[in-house]
Amino acid sequence: MSIAPAKILASLSINGSVVECAFNPNKTLLEVLREDVGLTGTKHGCEMGHCGACTVIVDDLPVLSCLTLAVESIGHEIRTIEGVARDGVLHPVQRALAESGGAQCGYCTPGIIMSAVALLEQNPAPTREDVAQGLSGNLCRCTGYTKIIEAVENASAELRSAR
Amino acid sequence: MSDERTVGDERIVSTATNPDIDAAGFTADTKVDSILISADPHPATKPEGFSVVGKALPKTDAWSKVTGAALYADDIVLPRMLHGKLLRSTQAHARIKSVDASRAFELPGVVAVMTGADLRVKYGILPSSPDEEVLACDKVRYVGDPVAAVVADDELTAEEALELIAVEYEPLPAVMSIDAALRTDLPKLHDNPRRTNNVHKEVHLEFGDMDAGFAAAVKVFEDEFFFEGNTHAPMEQHSVVASAGADGKLTIWASTQTPHYLHRIAAQVLQMPASRIRVIAPPVGGGFGGKTEPFAHELVAAFLARKTGRPVKITLTREEVFFAHRGRHPVKMKIRTGVKSDGTITACHLQTWLDGGAYGSYGVATTYYTGALATVTYKIPAYKFDGCRVFTNKPPCGPKRGHGTTQPRFAFECHIDKIADALGLDAAEYRKRISVDANTTTVNGLRVTSCGLRECLDAAEKRSRYAEKRKMLTKGKGIGIAASAYLCGAGLAIYWNEMPHSGAIVKVDRGGGVTIYCGTSDCGQGSESMLAAIVAETLGVDVMDVSVCASDTDLTPVDLGSYSSRVTFMAGNAARQAADGVREKIAQVASEKLDVPIARIGFARRRVFDVADPAKSLSFLEAAQAAEARFGTLAAPGSYAPPRHNPDFKGSGVGPSPAYSYSVCVAEVDVDLETGEVLVERITLAHDVGRAINPDSVEGQIEGGVYMGIGEALMEESAFRGIEHKIPNLLDYKTPTSLDMPPIETIIIETNDSEGPYGAKEAGQGPLNPVIPAIANAVAHAIKGRVYATPITSDKVLRALDADGGAVLRVRRAPAHA
């Protein structure tokens, strides 16, 4: 029994697959991903749009899933941290972060990776300042950002050399 | 030449070559990389002799964290799970006249409600101050104090139900500052017949001959400082899932740095045998000291899981994380130091007043810590310390990275700079002259073993070109230096017992895999990688052959927890001992099979071999199977308890540690003389870690410490407006972003501590401490005036410019009311 409004049935396009799920229409994309779809890789640090931990990519743009209603995402392409590695192969941003120690507690990491992936897709050759700017909406309390920025720079170089 | 000693053994840790690094030091304004310097007094154990220790390997949990696969407490979902919410006080200080939760219980979807009356047990992390209740019974003591709880089928229903709980308060005057807490005409937060005011703890200690010390002084310096409170703000909001099995056994998954302490307190509060409770700490999304004690939500979830027979999850909102707090104490400090004309300290008197917030938390220990470590950095032959912690109607303060030592370090390092300036001494050289020496005992009885403070000072000074820049910087630019020492774990457990502080079990399976069981909690500091590296090194296997089973009170031997920088030293030693136990068995069998004396058996690259003739060898797998055939199950325990060196006086339990790490920071700043804004341009930080088990992890800890130090120095503050937390959210509680970070040069100093595992000491808490005073000293250098309180915000800088000699630098005066 719940006081929440009746659920709606919707199809969401998540990580290249169509996922049919039922959820209360007042739920955020963050809540639906975590609670109704079971994709707990997307984290929450404030649910007020302050920290960036819940960042996902919607139609190639980084989006704060805690400020997005799930119903707004119907008909759009949603990408989450679970869809970044393909066929068991890490994305260069993921690999660079793992290798450089850019993930300490790891809680902000999925959001950071989504912001970084979106940044590199839009700007394949970012300067260090571009990277810092691109990640400025993602708070991290462990690393001091240094290794994260370096990892994104390394991933960017790798992606360009592979092109 | 003394410089040769430290630079002779220098090597670049990063595998990438960096053209910006040359023997003469760094070129300014370039991307920087880490340097490792060996000041190893035991050159027989060179890192080159190690296969795993000293290698910059990825952390063992890196892959689960970059793929989103790591399951944190809030990611756990159990069948039939209920969601809980806490109702928190809207009053700072009030008697509770009544709590009526009946209407909430009637709301469809609500399964149970709970009020203070359901669990009237007082508890506290320290046995000396059990002053907390799971839910307030008779009184609330801060805005945010938990009063009632609801569990429901979903979070929204639970939240809605909170609105239906009626609490009748009888408000009392709120005590909101240290000064107010010292008054005798305000109500006391806690009943204590021995007190007429809100003092929680007083400490008065004196060592050496203070009168003679001050009499021998040529000059006496006196200063007063204030360190503002701030909070950990880990990215993960605290979360718990509790589930009672059909057999009545309770399992608690909690984002905690101290599963063992939660285990103890849950048994005490729920009044059930600890053997019927299992506590598991999943990966913790950041702690910094903020998750080192049991919280109301954890005990509520446990209680209601038992009551309802269904699993209960409670995850705090970000605002609630600010209320749960246990963060940095605001501390007012007075220092009086006598010195000879060359700066030699003859006596020092430190007084501290801590604003403790509403409850005890670790506060008794914090109070001692504001005084205890003052003697471990510089030689002080006579020392007096008076500490006083008070209760106020604010969220309780507790331990944050640097626990109680960060605030006096800020004060002392600023004070030392002022002394150096007054005596015409170079601040860096002066510090080297008065540094403590290795293998000495301080006046308050603390045993210093390995000490790389001078090497840190040398390296940081040289790399930053401190001396040169100190003389030639232009208007508004400043450079400052500061030093610090920190514990490698507290010498005493928080509850009295004679058992080990860390335990570990190492087991080898028939496939050659090695598992280590240890109670440590990984909050991102890399404790699991550290354990894996130590065990892999000892057994000569690959790090990826080692699985770490950690922080599960059913499966793992006790480790007291991830606090006071104790894990590498203590759990690392326990792990090494356990691995040695297994190694001995394998070595014995290998010695017989290879017909080689046991002393010549070596372990590396998954082989067990004759060190004199490595061709004579067995694979690790063959040797392990032979050992299992001979001895049975191949496993061994290890334990670590720190040596008992504490002198015999009340309070002597706080301060002793099996070793101390040392850190030195040089900060370079640019102060906008028009706006007072401080920009940190560059940080150089040298950290004596004994031995870097994993240089990448050490570097990461240093960078994180620098980051947090910059935040505390310039922006972070727990501010209150009247009785309310002014900024309980991550937008207004300012923390540095990726745009605020300067280039950081980290220098790892290795002193190979003779008691640490493979020579290692702590890494992580220590390097935060010098950052704040280094920035303060750099600002003072830049503006020719001093800011005596953190955070060093624009308004304070402008006032200092007006008040001090820096007025000549000022473009426009601040308005009179500022």
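Structural remarks
- Within segment B:245-259, the set of residues being surrounded by fewer than 24 Cβ atoms within 10 Å (Cβ to Cβ) and not in a loop (DSSP other than H, G, I, E, B) comprises B:250, B:251.
- Odd one out for residue A:90 among (1) touching a residue at least 12 places away in the same chain (Cβ under 8 Å); (2) within 13 Å of chain B (Cβ to nearest Cβ); (3) touching a Phe, Trp or Tyr at 6+ places or on another chain (Cβ under 9 Å); (4) surrounded by 17 or more Cβ atoms within 10 Å (Cβ to Cβ): (1)
- Filter result (assigned to a loop (DSSP other than H, G, I, E, B), crowded, with 24+ Cβ neighbours inside 10 Å and either more than 14 Å from every other protein chain (Cβ to nearest Cβ) or in contact with a Gly (Cβ under 8 Å, 6 or more places away or on another chain) (or both)) within segment B:270-301: B:283, B:284, B:285, B:286, B:287, B:289, B:290, B:292, B:293, B:294, B:295
- Among (1) assigned to a loop (DSSP other than H, G, I, E, B); (2) touching a Phe, Trp or Tyr at 6+ places or on another chain (Cβ under 7 Å); (3) within 14 Å of another protein chain (Cβ to nearest Cβ) - the single one residue B:241 does not satisfy: (1)
- Where residue B:234 falls short, out of the listed (1) in contact with a Lys or Arg (Cβ under 9 Å, 6 or more places away or on another chain); (2) outside any loop (DSSP other than H, G, I, E, B): (2)
- Meets criteria (in contact (Cβ under 8 Å) with a residue 40 or more places away in the chain, on the phi > 0 side of the Ramachandran plot and surrounded by 19 or more Cβ atoms within 10 Å (Cβ to Cβ)) for residue B:651: yes
- Pairs where the first residue, in segment A:69-87, is farther than 13 Å from residue A:31 by Cα and the second is open to solvent by 30 Å² or more (accessible area, probe 1.4 Å) and charged (D, E, K, R), C-beta under 8 Å, 6+ apart: A:76/A:59; A:77/A:59; A:77/A:60
- Annotation note: of A:61, A:67, the sole residue that is closer than 21 Å to residue B:74 by Cβ, surrounded by fewer than 21 Cβ atoms within 10 Å (Cβ to Cβ) and more than 7 Å from chain B (Cβ to nearest Cβ) is A:67.
- Taking residues in segment B:61-73 that are facing another protein chain (nearest Cβ under 7 Å), and partners anywhere that are surrounded by fewer than 22 Cβ atoms within 10 Å (Cβ to Cβ) and not in a helix (DSSP H, G or I), the pairs with Cβ atoms closer than 6 Å and at least 6 places apart or on different chains are B:67/A:85.
- Consider segment B:622-667 and keep the residues that are among the hydroxyl-bearing types (Ser, Thr, Tyr) and in contact with a strand residue (DSSP E or B) (Cβ under 6 Å, 6 or more places away or on another chain). The one that is nearest to residue B:512 (Cα to Cα) is B:639.
- When residue B:352 is tested against (1) more than 14 Å from every other protein chain (Cβ to nearest Cβ); (2) within 29 Å of residue B:295 (Cβ to Cβ); (3) surrounded by fewer than 24 Cβ atoms within 10 Å (Cβ to Cβ), exactly one condition is not met: (3).
- Subset of segment A:23-40 [within 11 Å of chain B (Cβ to nearest Cβ), open to solvent by less than 40 Å² (accessible area, probe 1.4 Å) and touching a residue at least 40 places away in the same chain (Cβ under 8 Å)]: A:27, A:33, A:39
Rundown of residues vs (1) among the polar types (S, T, N, Q); (2) within 26 Å of residue B:233 (Cα to Cα), yes/no style:
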position: B:651; (1), (2): no, no
position: B:679; (1), (2): no, yes
position: B:691; (1), (2): no, no
position: B:702; (1), (2): no, yes
position: B:709; (1), (2): no, yes
position: B:724; (1), (2): no, yes
position: B:729; (1), (2): yes, yes
position: B:743; (1), (2): no, yes
position: B:746; (1), (2): yes, yes
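- 1 or more residues over 30 Å from residue B:624 (Cβ atoms) and open to solvent by 10 Å² or more (accessible area, probe 1.4 Å): qualifying strands (runs of 3 or more DSSP E) within segment B:432-523: B:477-487
- Filter result for residue B:572 (in a strand (DSSP E or B) and of a type in the set (Gly, Ala, Ser)): no
- The listed residues are B:513, B:478, and the only one of them that is at pLDDT 95 or above and in contact with a strand residue (DSSP E or B) (Cβ under 6 Å, 6 or more places away or on another chain) turns out to be B:478.
- Answer from B:222, B:202 - the residue that is in contact with a Cys (Cβ under 6 Å, 6 or more places away or on another chain) and either free of Cβ contacts under 8 Å to residues at least 40 places away in the same chain or farther than 21 Å from residue B:314 by Cβ (or both): B:202
- In segment A:1-22, of all residues being within 20 Å of the chain's Cα centre (by Cα) and within 14 Å of another protein chain (Cβ to nearest Cβ), the one that is nearest to residue B:159 (Cα to Cα) corresponds to A:14.
- Qualifying residues in segment B:74-83 (those that are among the charged types (D, E, K, R) and either in contact with a helix residue (DSSP H, G or I) (Cβ under 6 Å, 6 or more places away or on another chain) or part of a helix (DSSP H, G or I) (or both)) - the one farthest from the other protein chains (Cβ to nearest Cβ): B:74
- Filter result for the condition that a residue is open to solvent by 10 Å² or more (accessible area, probe 1.4 Å) and closer than 24 Å to residue B:432 by Cα, over B:344, B:317: B:344
- Top-ranked residue in segment A:113-133 [being under 13 Å from the mean Cα position of the chain (by Cα) and either over 23 Å from residue B:59 (Cα atoms) or facing chain B (nearest Cβ under 9 Å) (or both); ranked as surrounded by the most Cβ atoms within 10 Å (Cβ to Cβ)]: A:113
- Check on residue B:661, open to solvent by less than 10 Å² (accessible area, probe 1.4 Å), at pLDDT 95 or above and either within 14 Å of chain A (Cβ to nearest Cβ) or assigned to a strand (DSSP E or B) (or both): yes
- Taken together, the residues in segment B:221-231 that are surrounded by fewer than 24 Cβ atoms within 10 Å (Cβ to Cβ) and outside any strand (DSSP E or B) amount to 1.
The rows are residues; the columns are (1) more than 13 Å from chain A (Cβ to nearest Cβ); (2) open to solvent by less than 10 Å² (accessible area, probe 1.4 Å).
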position: B:669; (1), (2): yes, yes
position: B:682; (1), (2): no, no
position: B:702; (1), (2): no, yes
position: B:711; (1), (2): no, yes
position: B:723; (1), (2): yes, no
position: B:726; (1), (2): yes, no
position: B:736; (1), (2): no, yes
position: B:745; (1), (2): no, yes
position: B:749; (1), (2): yes, yes
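- Hits in segment B:584-608 (condition: of a type outside the set (Asp, Glu) and assigned to a loop (DSSP other than H, G, I, E, B)): B:596, B:597, B:605, B:606
- Considering residues of segment A:67-125 that are assigned to a loop (DSSP other than H, G, I, E, B) and hydrophobic (A, V, I, L, M, F, W, C) only, the residue farthest from residue A:38 (Cα to Cα): A:125
The values are calculated or read from the model by the stated rules, or taken from the named source; none is laboratory data. The shown structure was predicted, so the numbers you read here are calculated from the model rather than taken from an experiment. Every residue, glycine as well, gets a Cβ built from its backbone with ideal geometry; the counts of neighbours run over all protein chains shown. Just so you know, the surface numbers come from the protein's heavy atoms only, side chains and all, with ligands and any DNA or RNA stripped out. Shrake-Rupley method; radii C 1.70, N 1.55, O 1.52, S 1.80 Å.
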